[in-house]
1. Considering Cα pairs under 8 angstrom that are at least six residues apart, work out the relative contact order of the chain and quote it in whole percent.
2. When every alpha-carbon pair in the stretch 87-152 is counted, what percent end up more than 17 Å apart?
3. Fewest Cβ neighbours within 10 Å first, please rank 135, 30 accordingly.
4. What is the fewest-to-most order of 129, 26 by other Cβ atoms lying within 10 Å of their Cβ?
5. Looking only at 138, 126, 64, which one moves most when the chain is put into a Gaussian network model with springs between Cα atoms under 10 Å?
6. Run the simple label-point estimate for residue 78 and residue 23 please: 7 Å along Cα→C-beta, distance reported in nm.
7. Could the peptides 140-147, 39-46, 53-60 be put in order, highest first, of the mean number of other beta-carbon atoms found within 10 Å of their residues?
8. I'm checking a number: the convex hull volume of the Cα atoms of the stretch 19-98, normalised per residue, in Å³. What is it?
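Readers should treat all values here as calculations from the given coordinates under stated rules, not as data from a laboratory. Keep in mind that this is a model prediction, so the values were computed, not measured. Neighbour counts are summed over all protein chains in view; Cβ atoms, including those assigned to glycine, are modelled from backbone coordinates with ideal geometry.
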């Protein structure tokens, strides 16, 4: 809760005039709820003794409501196990390298495959991406999302 601006959230000890707005907090918690891999949400650093007129309590309640709304909007289509139910798109970047994309037929959501660790282990990670990332790859440009994820792997 300390990441939210003091004007939206007076009920924390370390307040700041900068940070997230209340609407931004609610958007983030909604998107977190939509993620098939998120299993819990914690709102920390709320102090009811500092909360003027219950404003921070209301903000926490709104954030929770948006989280649960996100949970209700889940597609349950994150490809954890078999990817046979997903449309696979392979883009040849040159004669040796290729990028693999997966698209959910249920939601239309996209993922890009990122090799993890030792290339001989053939382990991969799927990272959410957009159809624009796929179109960039078709033009011979490796998407920024792939580069970022590759640096973390």
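1. Relative contact order for the chain comes out at 16 percent.
2. Here the tail beyond 17 Å accounts for 38 percent of pairs.
3. With the sparsest Cβ surroundings first, the list reads 135, 30.
4. Listed from fewest to most nearby Cβ atoms, that is 26, 129.
5. Ranking 138, 126, 64 by mean-square fluctuation puts 138 first.
6. Result: 2.8 nm between the two label points.
7. The peptides rank, most packed first, as 53-60, 140-147, 39-46.
8. Cα-based convex hull of the stretch 19-98, divided per residue, equals 157 Å³.
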